[in-house]
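Working notes for the structure below.
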């Protein structure tokens, strides 16, 4: 009887030991390694350029777009149309740039733009899968609930970047959400509808929530994914500026415009579609915006809506 009890006790203790090991929380490295394995593992090693086509909805508008991502050097470029607007943006490995619908190209160098570009590059190139995790600082934020699923959450700060949260489904090990502070706003991006393409998994639905409510969610639905060879540097470089929506009367190289300086802001008179003049504020960091009242006066069609935010003095 004593031997039997001893055997039972040994088995019981052994089971407890194995149970404790099974319940031990995975390390940050194990979470990231499981993520790579779940999305294709070694199949990623030979992928060079990711090309995607997509449709997008947001702010009451719909559109389409195309993006390419350099999986080796972290560079990226995308172009899109959204309702009556269009544009492009990219990262050439050094500078983040943006092209507006007028054709103007500007380098995005203010605020945390550089850090956010580093974050994007870190995720695009899979640096978190490297042995040294790309030199990033990684903290384990424990397990949290997202919808009906339990997620393993890491706080990752890439070298020269800024901290963001990465949420991984504890069952599938897939990345399902990121949370990132972008200037005064917080961007919560969710990824779902993963599908296998050329031996790796890609999310086909991406939703960005900037915290302004469901009305302003930006939803991207991928329509085509393919992997390409190496593209030339020009594919990611800022495009040549070709502005065609203005001219100076009689082809003069310069002109003078009267203005009012009010509270350190420049105001001047301008016409819209030959009507006016109307009082406008001129700001090099702004866009061409008129009030809805003036749009109605000019019989202009109003499409979509965007949230208003800013800073008070």
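The values are calculated or read from the model by the stated rules, or taken from the named source; none is laboratory data. Just so we're clear, the structure is a prediction, and the values are computed from it rather than from any experiment. In this analysis, Cβ positions are derived from the backbone assuming ideal geometry, glycine residues included, and neighbour counts consider all displayed protein chains.
Within segment 72-108, track down each residue that is in a loop (DSSP other than H, G, I, E, B) and farther than 29 Å from residue 302 by Cα.
72, 73, 74, 75, 92, 93, 94, 95 - these are the residues of segment 72-108 that are in a loop (DSSP other than H, G, I, E, B) and farther than 29 Å from residue 302 by Cα.
Would you mind finding the one in 142, 111 that is assigned by TED's automatic domain parsing to the domain that holds residue 164, in a loop (DSSP other than H, G, I, E, B) and surrounded by fewer than 18 Cβ atoms within 10 Å (Cβ to Cβ)?
111
Within segment 149-187, can you find the residues that are assigned to a loop (DSSP other than H, G, I, E, B) and farther than 21 Å from residue 213 by Cα?
Scanning segment 149-187 gives 158, 159, 160, 161, 162, 163, 170, 171, 172, 173, 174.
As an exercise: evaluate residue 130 against (1) out of contact with any helix residue (DSSP H, G or I) (no Cβ under 7 Å at 6 or more places or on another chain); (2) surrounded by 13 or more Cβ atoms within 10 Å (Cβ to Cβ) and give the number of the one condition it does not meet.
Only one criterion in (1) out of contact with any helix residue (DSSP H, G or I) (no Cβ under 7 Å at 6 or more places or on another chain); (2) surrounded by 13 or more Cβ atoms within 10 Å (Cβ to Cβ) is unmet by residue 130, namely (2).
Look through 255, 244 and report the one residue that is in contact with a helix residue (DSSP H, G or I) (Cβ under 9 Å, 6 or more places away or on another chain), on the phi < 0 side of the Ramachandran plot and exposed (fewer than 10 other Cβ atoms within 10 Å of the Cβ).
Only one candidate qualifies: 255.
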